[in-house]
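The values are calculated or read from the model by the stated rules, or taken from the named source; none is laboratory data. Every value quoted in this text rests on a predicted model; they were computed, and no experiment measured them. Positions of Cβ are generated from backbone atoms using ideal geometry, with glycine treated the same way; all protein chains shown enter the neighbour counts.
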Amino acid sequence: MTCPQPPAAVPAAFLAARRALPYVGRMKNLTCWLLIGLALLAGCAVEEVEEREATGVLVFRAENAADSTQEVPGTLDIPGHQPSSFIFNGMDSLVVDGLPLKNHAGGDTVLLWSFTPSDPEAWFDAQPRNFSLSSAQPRLSARLRLTARSDSTLSVVVRTFADGVELEGLPLWLDGTRWPDPSPATLHFSAGTTHQLESRNESCSRGARTFAFADAPSDDLVLEIQTMNTSAEAGAADADLIINGQSRGPVWEQLNMPDEEVFISAWRAGHRPDPPFAALNGFCGGSVGFDWIPTTEGYQTGQLFPDFSLPQVEPGQSGTVGDFLLRQVRGRVTLVTFWYATCVNCLLEMPGFQTKLEEYGSRGFRVLALDPFPTDYPEDYPQQVLDYDFIFLRDVASPPVAQRAGVGAFPTNFLLLPDGTIHSRRGAMSEEVLDDLLQELLPE
């Protein structure tokens with residue numbers, strides 16, 4: 001450890017003391033230096049403690065699922081950590097510190113770790129897993145329970161059902177540890193043991209059961225899941241639910257939803273939903289409903305697209321580069337495209353937009369790309385958009401411009417005339433269609 005330079009006040013005080021005691025002998029001088037050194041070392045020690053408090057600590061233990069006192073030797077790997085591999089002797093818990101507590105977006109750090117037993121042929125369940133660290137819980141204890149391969153080892157397929165319908169892709173937890181594979185998944189364990197099986201995320205459970213097997217193999221293990229529906233009808237049969245930008249019809253069952261947070265909105269002609277977005281976190285969401293506010297201003301062909309001010313970003317970079325006003329492109333033919341980072345159809349049409357921008361940009365063509373999803377960060381945008389010359393904007397208005405514009409699915413494209421009126425409104429737009437429109441609208 002390198003100790004930082006002491007504050008200027010420390011040597012100044014020491015020199016003042018020496019000037020006050022001009023006749024101090026060599027032994028006393030040595031004693032004084034030792035006291036100063038101890039003080040500085042104490043400062044270093046305090047700083048080291050504070051530094052350790054600012055990092056995460058993982059206490060790891062691998063054990064036999066059938067005998068929690070038998071620890072399994074092997075190697076723990078944490079990609080991105082230095083060092084990335086740690087040898088576990090199977091005797092004591094392994095302590096790994098220096099793990100970051102926050103990611104670049106400010107949220108909790110989610111790291112991947114895996115454990116390889118010294119004798120991998122003798123054990124089941126040595127697959128990668130995730131864990132989360134936060135400043136509120138900087139210390140995490142992770143216990144990996146492996147099953148010894150033997151004549152009495154059982155392999156059982158776990159399947160999840162709700163009202164007789166099989167559901168796939170649901171997260172599974174066995175004895176408090178996240179199983180690496182979603183349902184249906186194969187579990188390995190020793191005959192005669194008892195286990196707790198759940199389908200849940202970190203905050204709530206949608207189904208659980210305790211099971212035990214004798215020495216003989218069993219049929220598939222069925223886990224019943226509580227049903228959960230959500231609707232955007234709200235008294236309007238013509239309303240559609242929008243899940244992460246995709247239309248799902250008037251009623252959508254949440255049963256197959258994975259455990260990450262998703263954003264839900266709704267669309268109805270001539271209206272905007274209130275609230276504009278609702279969030280459901282995995283299996284923990286409840287009913288979602290929307291009130292409808294009539295709106296006809298500025299979103300139909302021939303009407304003025306209302307002005308807005310949104311933060312401008314650069315793909316691949318964090319932060320913003322300032323606020324952008326729609327009026328800044330008045331006088332130009334402008335394509336306003338609503339997209340989000342994982343929208344496949346959005347990404348498919350963007351290369352054509354870039355080609356037309358390179359061809360017609362000198363004649364006054366511009367492309368604005370508005371992303372209304374709060375979980376999209378520009379530093380995580382797909383690699384392919386890094387070279388596009390669009391004006392990328394985060395649609396964080398309240399309500400979002402996408403909602404006020406009545407965007408019902410993604411992509412949605414508005415082509416604006418130089419005076420700001422809407423020439424046309426479309427869903428996905430091919431390069432050929434855009435080319436025909438631009439040849440018609442742009443000056444020679």
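Quick one: which residue in ALA65, ALA105 is more than 28 Å from the chain's Cα centre (by Cα), at pLDDT below 85 and either farther than 14 Å from PRO138 by Cα or in the same structural domain as TYR377 (by TED's automatic domain parsing) (or both)? Explain how you work it out, then say what you get.
Details: ALA105 fails: more than 28 Å from the chain's Cα centre (by Cα).
After applying the criteria, what remains is ALA65.
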Pick from TYR377, TYR381: which is over 21 Å from PHE305 (Cβ atoms), among the aromatic types (Phe, Trp, Tyr) and touching a His at 6+ places or on another chain (Cβ under 9 Å)? TYR377
Looking at the stretch 167-189, I want the residues that are outside any strand (DSSP E or B) and have a partner that is β-branched (Val, Ile, Thr) and buried (at least 16 other Cβ atoms within 10 Å of the Cβ) with Cβ atoms under 7 Å, at least 6 apart or on another chain. Which pairs are those? LEU170/THR160; LEU170/ILE225; LEU172/VAL158; SER183/VAL158; SER183/THR160; PRO184/VAL158
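So, in the stretch 332-383, how many residues would count as being of a type in the set (S, T, N, Q), crowded, with 20+ Cβ neighbours inside 10 Å and closer than 12 Å to MET429 by Cβ?
Taking the stretch 332-383 as the starting set, the residues that turn out to be of a type in the set (S, T, N, Q) are 334, 337, 342, 345, 354-355, 362, 375, 383.
In the following step, the residues that additionally are crowded, with 20+ Cβ neighbours inside 10 Å were identified as 334, 337.
This time we only want the ones that are closer than 12 Å to MET429 by Cβ, so: 337.
Of the residues in that region, 1 qualify.
If you scan the stretch 325-376, which residues turn out to be of a type in the set (Ser, Thr, Tyr) and either within 17 Å of HIS423 (Cβ to Cβ) or part of a helix (DSSP H, G or I) (or both)? If you could, list the steps in order and put the result at the bottom.
If we filter the stretch 325-376 for residues that are of a type in the set (Ser, Thr, Tyr), which is where we start, we get 334, 337, 340, 342, 355, 360, 362, 375.
If the condition is that a residue be of a type in the set (Ser, Thr, Tyr) and either within 17 Å of HIS423 (Cβ to Cβ) or part of a helix (DSSP H, G or I) (or both), then THR334, THR337, THR355, TYR360, SER362 are the ones that fit.
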Enumeration of residues in the stretch 175-205 that are hydrophobic (A, V, I, L, M, F, W, C) and closer than 17 Å to TRP123 by Cβ: TRP179, LEU187, PHE189, ALA191
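For the stretch 147-161, which positions are more than 29 Å from GLN226 (Cα to Cα) and aliphatic (A, V, I, L, M)?
Of everything in the stretch 147-161, just one residue is more than 29 Å from GLN226 (Cα to Cα) and aliphatic (A, V, I, L, M), namely ALA148.
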Do we find that PRO180 is buried (at least 18 other Cβ atoms within 10 Å of the Cβ), farther than 15 Å from ASN64 by Cα and not assigned by TED's automatic domain parsing to the domain that holds GLY80 in this structure? no
Only residues in the stretch 416-444 that are on the phi > 0 side of the Ramachandran plot count as the first member; pair them with residues that are among the charged types (D, E, K, R) and in a helix (DSSP H, G or I), Cβ under 8 angstrom, at least 6 apart or cross-chain, and list the lot. GLY420/ARG327
Go through the residues of the stretch 354-365 one by one and say whether even a single one is under 22 Å from LEU241 (Cβ atoms) and modelled with pLDDT under 95. no
Inspect all residues belonging to the stretch 144-157 and state whether any of them is touching an Asp or Glu at 6+ places or on another chain (Cβ under 7 Å) and over 24 Å from ALA191 (Cα atoms). no
